[in-house]
Amino acid sequence: MTLAHQTVTSFIDGAFIPARGPALDVVNPADESLAGTLHEADAAEVAAAVDSAEKAFRTGSWPGLSVAERKQVFRRIADVVRDNLDELAALETAATGQPIRYSRFIQLPRILANFEFYAEWPSYALETAASERGRGLRYVLREPLGPVALISPSNAPTALASTKIAAALAFGNTCVVKTSENTPLALARFVELLHMAGVPDGVVNMVNGRGDVTGDAMVRHPAIRAVSFTGGTATARHIAAAAGAGLKRIDLELGGKSANIVMPSADLDRALDAALIAVFTNSGQQCFAGSRLVLHRAIAEDFLGRFAERAEAIRVGHPYDEAAENGPLAHANSYARVERMVAEAREDGCAILAGGARADGFDKGYYFRPTVVRAPSNDVRICQEEVFGPVAAAIVVDSMEEAIAVANRSRYGLVSYVWTNDLAEAMRATESIEAGWIHVNTPMLALDPRFPFGGYKESGVGRDGAPAARQFFTEEKTINYALGGVDLPKVGIQGNQ
Ligand code: NAD
């Protein structure tokens, strides 16, 4: 399938604006052709988008809609997106290179799930009140913040932006959204669909461009009240510094180097299937990739042999090839990073058990073979740095205690996977591992918005998930009513002791 060349401009106050800023290429990673052109938003254009969000917040209908009215809009969004999933998937795949089946049936349906969930959830989220008979009543009013900045990454540009948009809007905020400048196509169409579904003009504005130009202007704009960011840890340091200068709220969902621990008592066939999914899905471009395989010595040789054999057999293909299990990496820079990190792994004494090089059969495109390395220790670079590509690093240990220590010897702490049928061992691991979400005997198959998702240490600040999102996207105001009856001290009356 070939897609017409796309032109993306900022979407402000309900419409795409005419092309204005510098033109950036949107490259199709499958063949390095030009999938589109993005016109970068500078600080002035970002300011126009924030003004639109501010006006919609101050004078528009959205913050004051009833829960039931917002629910109707969210349901219409889910319907409109469902009707347009094929087009959204084609656009997402053209810029990210992820297999079309993955875009269409796994990643983009998350948009529906988000809006369907947030259509209902606010109806059940009640506030706190306390009464003291005859004396008073205190209760909490929860208010939207105002215009917020939402920034999503290149590996799930629209799905992750939709999580943020749904959560911000569910509590009455307005927003300016941006995804990666390399993968802007599907989000642009999605923002248009939001308006077709009845989101009022100005409530969702979209800008795009390089992070240090457009993203930085979003974060620094004085009217932006909070920044919800998903992306890399290095980028998050810039965002935290810029947001800190304006004392803005931040939610940072960042990278990982998650341990996947396999113990002898586990169902090893299932653990093998899951370990492959955990690290190689979407060519390893997942924050929650189980990219450190921590294997008990008793099963390590056999498990690793089978793992490497299956990794070699993963079909790397063009994203539109229905048989392809993995596509290319999303960008030339991603490919260069993976190549560099595999070279460093070799220098650090790792054995390459599978892959380790460009995938055969492609003249163009960013295709890298699923790669398995056996690391001499957890301290080498491939075990400490996020690759964000199809590379698993295996480490052999002699006990669960050692596995836990390895899992925790990392600056990251996003997710962990534990495979064991020994209950006490599982409980020790879940208690001791420093990670925001621990899966026992399962890979991560879906996010559950009822539960917190986020990272320890350099994997994040704050949590995704509805309860945390409600806290993040609202101000709480405590109201205190006296019903009389409390004696007040009388100051300023002469002679009064
Ligand atoms: P990235 O950090 O390079 O970019 C993410 C976004 O930030 C992009 O939209 C980019 O334009 C923007 N940006 C860059 N510099 C900025 C700045 N100075 N100010 C404001 N915005 C700026 O990340 P990426 O390569 O797009 O995505 C991969 C990373 O995202 C990985 O580290 C991955 O682990 C992480 N990720 C985390 C989660 C999670 O939920 N924890 C989910 C998906 C991806």
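Taking 0.36 nm per intervening residue step and subtracting the Cα-Cα distance, what contour gain separates I479 from L65 on full extension?
The I479-L65 span can extend by a further 146.9 nm.
What three numbers, in Å, describe the spread of the alpha carbons of region 229-269 along their principal axes, ordered from the longest?
Ordered largest first, region 229-269 gives principal extents of 52, 16, 12 Å.
Pick out, in residue order, every one of the chymotrypsin sites (Phe, Trp or Tyr not before Pro) in region 288-389 that is DSSP loop and has at most 16 other C-beta atoms within 10 Å; say none if there are none. Don't skip to the answer; put the middle values down first.
Details: sites: F288, F303, F307, Y320, Y335, F362, Y366, Y367, F368, F388; in loops: F288, Y320, F362, Y366, Y367, F388.
Here the chymotrypsin sites (Phe, Trp or Tyr not before Pro) that fit, given the DSSP loop and packing criteria, are Y320, F362.
Under a 5 Å amide H to amide H cut-off, with H placed in plane at 1.01 Å, what residues pair with C175 once short-range neighbours are removed?
Under 5 Å from the amide H of C175: V148, V204, N205.
Using only Cα atoms, what Kirkwood radius does region 259-440 have, in angstroms?
The Cα-based Kirkwood calculation yields 16.3 Å.
Residues with amide H under 5 Å of S33's amide H, sequence separation 5 or more or different chain, H placed in the peptide plane at 1.01 Å from N; which?
N28
Per-residue HN-Hα couplings for region 105-118, Karplus 6.51 cos²θ - 1.76 cosθ + 1.60 at θ = phi - 60°, whole Hz, x for Gly and Pro?
Once θ is set to phi - 60°, the couplings for region 105-118 become 10, 10, 7, 6, x, 4, 4, 4, 4, 5, 6, 5, 5, 6 Hz.
Between Rg and the Kirkwood Rh of region 79-232, both from Cα atoms, what is the Rg to Rh ratio?
Here Rg/Rh amounts to 1.07.
Leaving ligands, DNA and RNA out of it, rank Y412, Y456 by accessible area with a 1.4 Å probe, largest first. If you can, show how the numbers build up before the last one.
Working: Y412 15, Y456 95 Å².
Final ranking, largest accessible area leading: Y456, Y412.
What's the Kirkwood radius of the chain in Å, using all Cα pairs?
23.9
Against the longest alpha carbon principal axis of the chain, how many degrees, from 0 to 90 and to the nearest 10, is the axis of helix 268-280 turned?
70
With all protein chains present and a 1.4 Å probe, how do I239, I493 order by accessible area, largest first?
So, going from the largest accessible area down, we get I493, I239.
Report the extension gain between N408 and F105 in nm, rounded to one decimal, defined as 0.36 nm multiplied by the number of residues separating them, less their alpha carbon distance.
Separation in residues times 0.36 nm, less the Cα-Cα distance, equals 105.7 nm.
Would you mind checking which residues have amide H under 5 Å from N260's amide H? H placed 1.01 Å from N; only 5 or more apart, or other chain.
Sorted by chain and number, the residues that satisfy this are R292, L293, V294, Y417.
Enumerate by residue number the trypsin sites (Lys or Arg not before Pro) in region 108-194 meeting two conditions: DSSP loop (anything except H, G, I, E, B), and at most 14 other Cβ atoms within 10 Å of the site's Cβ.
Working: sites: R110, R133, R135, R138, R142, K164, K178, R189; in loops: R133, R135.
Hits after loop and neighbour filter: R133, R135.
Once you place label points 7 Å from the Cα toward the Cβ at A130 and D363, how far apart are they in nm?
7.3
After finding the eigenvalues of the alpha carbon gyration tensor for region 44-152, what semi-axes result from the square roots of 5 times each, listed largest first in whole Å?
Values: eigenvalues 259, 83, 32 Å².
The three semi-axes for region 44-152 are 36, 20, 13 Å.
The values are calculated or read from the model by the stated rules, or taken from the named source; none is laboratory data. Everything numeric in this text was worked out from a predicted model, so none of it was measured. Using ideal geometry, Cβ is built from the backbone for each residue, glycine included, and neighbour counts are taken over all protein chains shown. Note: areas computed on protein heavy atoms with side chains; ligands, DNA, RNA excluded. Shrake-Rupley method; radii C 1.70, N 1.55, O 1.52, S 1.80 Å.
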